[in-house]
Amino acid sequence: MSRLGKKVIAVPKEVKVEVKDNTIFIEGPKGKLSRVLSPRISLDIKEGEILVKRIADTKMDKSSHGLYRALIVNMIKGVTEGYKKELEIIGVGFKAAVQGSSLNLNLGFSHPVNFAIPQGIKIEAPKPTQLVITGIDKELIGKVSTEIRSIYPPEPYKGKGVRFLGEHVKKKVGKAQATGGGK
């Protein structure tokens, strides 16, 4: 049995869990989330606990077992605490600003880049070179943050670009001056 999958999930008192037609609905103080479950996974919901079970012991069922348990735990944490990712923008003249439901990025291109903020995600720019992405869906926050990062990923020579807060970019040495000879 999956070591992670067999662990019982503790459900806080402020969270409501409901399963209908192989879809789990989780509602908490921060919002609502839902996810369609695999037909090969079943849930036992008791007072304040959820136990994820699998139907068979095939390799695919074993891997799904731990996956769905982790997804449910992430959903519960999202509706109670929420998730946050931070990005930093490095480069001369590079900046970001939130304007309504879009993010305006000036990243050294000949034009500003407008990024539409999806529903359920909140983006703040406390500084022009810093972005804070918050929401209740961990998967959506990760997707949005990597899409923003992919507009101008950090380049290896000067380190300019959009990167996650604290991300280390290994810099390369540029063309070295020729030492001696060759005039």
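Computed quantities for the displayed model
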item	result
Interchain or long-range residues, amide H under 5 Å from residue 102's placed H	117
Between helix 138-151 and the chain: long-axis angle, C-alpha atoms, 0 to 90°, nearest 10	20
Accessible area expressed per residue, the chain, with surrounding protein chains retained (probe 1.4 Å, Å²)	64
Share of carbon and sulfur in the accessible heavy-atom surface of the range 84-183 [1.4 Å probe, %]	53
Residue among 39, 56, 79 farthest towards the positive dipole end of the range 1-81, charges placed on Cβ	56
Phi to ³J(HN,Hα) by Karplus 6.51 cos²θ - 1.76 cosθ + 1.60 over the range 8-22, Hz, x for Gly, Pro	7, 8, 7, 9, x, 5, 7, 9, 10, 10, 9, 10, 9, 6, 6
Mean residue ellipticity (222 nm) of the chain, computed from DSSP H runs ≥ 4 via -39,500 (n - 2.57), nearest 500	-6500 deg cm²/dmol
Residues with amide H under 5 Å from that of residue 5, placed H, sequence gap 5 or more	66
Euclidean distance of C-alpha centroids, the range 93-108 and the range 110-143, integer Å	10
Residue 8 paired with residue 90, simple spin-label distance in nm, labels 7 Å along Cα-to-beta-carbon	4.7
Debye-sum result for the chain in log10 I(q)/I(0), which assumes one identical scatterer on each alpha carbon, at q = 0.15, 0.16, 0.18 Å⁻¹	-0.92, -0.97, -1.07
Full-extension gain in nm, residue 25 to residue 60, via 0.36 nm per residue minus C-alpha separation	10.2 nm
Cα→Cβ-extended label distance, 7 Å offset, between residue 53 and residue 110, nm	6.4
Under 20 Å from the Cα of residue 32 - aspartates and glutamates, other chains or at least 8 residues apart	14, 18, 21, 47, 49, 81, 137, 139
Rounded to whole Å, sorted largest first: equivalent-ellipsoid semi-axes of the range 1-80, Cα gyration tensor	21, 12, 11
Amide H within-cut-off set for residue 11, under 5 Å, with H built and near neighbours excluded	49, 50
Charge dipole (debye, nearest 20) of the range 1-114; +1 at Cβ of Lys and Arg, -1 at Cβ of Asp and Glu	340
Where chymotrypsin sites (Phe, Trp or Tyr not before Pro) in DSSP loops with at most 13 other Cβ within 10 Å are excluded, longest remaining stretch of the chain	1-108
Descending principal axes extents, the range 44-113, alpha-carbon based, whole Å	56, 31, 20
Entries of 53/122; 127/171; 13/127; 20/62 with Cα pairs more than 29 Å apart	53/122; 13/127
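The values are calculated or read from the model by the stated rules, or taken from the named source; none is laboratory data. Please read all numbers here as calculations on a predicted model, not as lab measurements. Quick reminder, even Gly has a Cβ in these numbers, built from the backbone with ideal geometry, and neighbours come from all protein chains shown. Side chains included, ligands, DNA and RNA excluded: accessible areas come from the protein's heavy atoms. Shrake-Rupley method; radii C 1.70, N 1.55, O 1.52, S 1.80 Å.
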